[in-house]
Amino acid sequence: MSDLNDLLDDLKRRMDGALESLRRDFSGLRSGRASPALLEPVRVEAYGGEVPLTQVASIAVPEARMITVQVWDRVLAGAVERAIRDAGLGLNPAGEGQTIRVPIPQLTEERRNELAKAAARYAEGAKIAVRGVRRDGMDKAKGFEKKGDISQDDVKAWSDAIQKTTDQYVKKVDDMLAEKEKEIKQV
C-alpha cells in the first residue's frame with residue numbers, strides 16, 4: 001500500500017502544479033481592479049535586451065483603479081511607459097518623471113464576457129492537465145499489475161483512489177473558475 005501512497009503523493013504534486021499554473025493564468029486576467037500581477041507579462045527594452053518590468057521598477061497599487069510604477073533608472077521611464085502601452089493590456093500609462101501612473105479603465109460588458117471565456121479556456125486547460133496526470137497514474141497501476149507486483153483487485157482499488165483524487169482536483173478547478181467569473185462579472 002505504500003506504493004499507492006507514493007503514487008498518489010506524486011499525482012497530487014503534479015495536479016497541484018496544474019492548479020498553480022491556473023492561478024498564474026487567472027492573475028493575468030483583468031477584473032477591473034488594479035493588481036501588480038496585471039503587469040507581470042510586460043517586458044521592457046533595457047540594457048541591450050528585453051527584461052521583465054519587475055527588474056527595472058517597483059509596482060504598487062495605491063487605490064482600486066490605479067497602478068503606480070516607480071522606475072529605478074530615470075533613463076528607462078520612457079521605455080517602461082512604451083512597454084506598458086504596447087503590451088496589449090488595453091492600458092494607457094501616464095509618466096511623471098520616474099513615476100508612471102497606470103489608470104485601470106472600467107470594463108465594458110462585452111470585455112467582461114471575453115474575460116470570462118478566457119478564464120473558462122484556462123480552466124479547461126487545467127482540467128486537461130489534471131486528467132493527463134490521472135492517465136499517467138492509471139498507466140503506472142496497470143504496469144505494476146503486468147509486472148505481477150499487484151493483483152487485479154489492487155488495480156481496481158488504486159484506480160478508484162486515483163479517480164477520487166482527480167475528481168477532487170477537477171472540483172477545485174471548477175471552484176476557482178466560478179470565483180474568477182464572479183470577480184470578472186462584478187461591476
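The values are calculated or read from the model by the stated rules, or taken from the named source; none is laboratory data. Values in this document were obtained by computation on a predicted structure and should not be read as measured data. Cβ coordinates were reconstructed from backbone atoms using ideal geometry, including for glycine residues, and neighbour counts include every protein chain displayed. To get the accessible areas, we keep the full protein, side chains included, count just its heavy atoms, and leave off ligands, DNA and RNA. Shrake-Rupley method; radii C 1.70, N 1.55, O 1.52, S 1.80 Å.
When both residues are 6+ apart or on different chains and their Cβ atoms are under 7 Å apart, which pairs have a first residue that lies in the range 137-157 and is farther than 11 Å from residue 4 by Cβ, and a second that is of a type in the set (Ser, Thr, Tyr) and open to solvent by less than 90 Å² (accessible area, probe 1.4 Å)?
138/159
Let me confirm something: among 174, 73, 160, which residue is more than 21 Å from residue 21 (Cβ to Cβ) and modelled with pLDDT of 90 or more? Reasoning before the result, please.
Working: 174 fails: more than 21 Å from residue 21 (Cβ to Cβ); 73 fails: modelled with pLDDT of 90 or more.
Residue meeting the stated conditions: 160.
Test residue 131 against the criterion of being surrounded by fewer than 17 Cβ atoms within 10 Å (Cβ to Cβ), without any contact (Cβ under 8 Å) to a residue 40 or more places away in the chain, of a type outside the set (Gly, Ala, Ser) and assigned by the TED database to the domain that holds residue 40, and give yes or no. First the steps, then the outcome.
Details: surrounded by fewer than 17 Cβ atoms within 10 Å (Cβ to Cβ): yes; without any contact (Cβ under 8 Å) to a residue 40 or more places away in the chain: yes; of a type outside the set (Gly, Ala, Ser): yes; assigned by the TED database to the domain that holds residue 40: no.
Judged against the criteria, residue 131 is not a match.
Can you spot a residue in the range 148-168 that is outside the structural domain of residue 52 (by the TED database), small (Gly, Ala, Ser) and under 18 Å from the mean Cα position of the chain (by Cα)? It would help to see each step written out before you state the result.
Going through the range 148-168, the residues outside the structural domain of residue 52 (by the TED database) turn out to be 148-168.
From what is left, the residues that are small (Gly, Ala, Ser) are 148, 151, 157, 159, 161.
So of that shortlist, the ones also under 18 Å from the mean Cα position of the chain (by Cα) come out as none.
Within the range 148-168, none of the residues are outside the structural domain of residue 52 (by the TED database), small (Gly, Ala, Ser) and under 18 Å from the mean Cα position of the chain (by Cα).
What's the total number of residues in the range 143-173 that are surrounded by 14 or more Cβ atoms within 10 Å (Cβ to Cβ) and in a helix (DSSP H, G or I)? Steps first, answer last, please.
First pass over the range 143-173, keeping only residues surrounded by 14 or more Cβ atoms within 10 Å (Cβ to Cβ): 144-145, 150, 154-155, 157-159, 161-162, 165-166, 169-170, 172-173.
Adding the requirement that they be in a helix (DSSP H, G or I) leaves 144-145, 154-155, 157-159, 161-162, 165-166, 169-170, 172-173.
Matching residues across the range 143-173 total 15.
Taking residue 61, is it within 17 Å of residue 91 (Cβ to Cβ), open to solvent by 40 Å² or more (accessible area, probe 1.4 Å) and in contact (Cβ under 8 Å) with a residue 12 or more places away in the chain? Walk me through how you get there before you give the answer.
On the way: within 17 Å of residue 91 (Cβ to Cβ): yes; open to solvent by 40 Å² or more (accessible area, probe 1.4 Å): yes; in contact (Cβ under 8 Å) with a residue 12 or more places away in the chain: yes.
Yes, satisfied.
Let me spell it out: the conditions are (1) touching a Gly at 6+ places or on another chain (Cβ under 9 Å); (2) over 30 Å from residue 58 (Cβ atoms); (3) in a helix (DSSP H, G or I), and residue 183 meets all of them except one. Which number is the exception?
(2)
Considering only residues that are in contact (Cβ under 8 Å) with a residue 40 or more places away in the chain, of a type outside the set (A, V, I, L, M) and open to solvent by less than 40 Å² (accessible area, probe 1.4 Å), which ones fall in the range 95-124?
112
Do we have residue 55 as out of contact with any strand residue (DSSP E or B) (no Cβ under 7 Å at 6 or more places or on another chain), open to solvent by 60 Å² or more (accessible area, probe 1.4 Å) and more than 28 Å from residue 112 (Cβ to Cβ) here?
On the way: out of contact with any strand residue (DSSP E or B) (no Cβ under 7 Å at 6 or more places or on another chain): yes; open to solvent by 60 Å² or more (accessible area, probe 1.4 Å): yes; more than 28 Å from residue 112 (Cβ to Cβ): yes.
Against the criterion (out of contact with any strand residue (DSSP E or B) (no Cβ under 7 Å at 6 or more places or on another chain), open to solvent by 60 Å² or more (accessible area, probe 1.4 Å) and more than 28 Å from residue 112 (Cβ to Cβ)), residue 55 qualifies.
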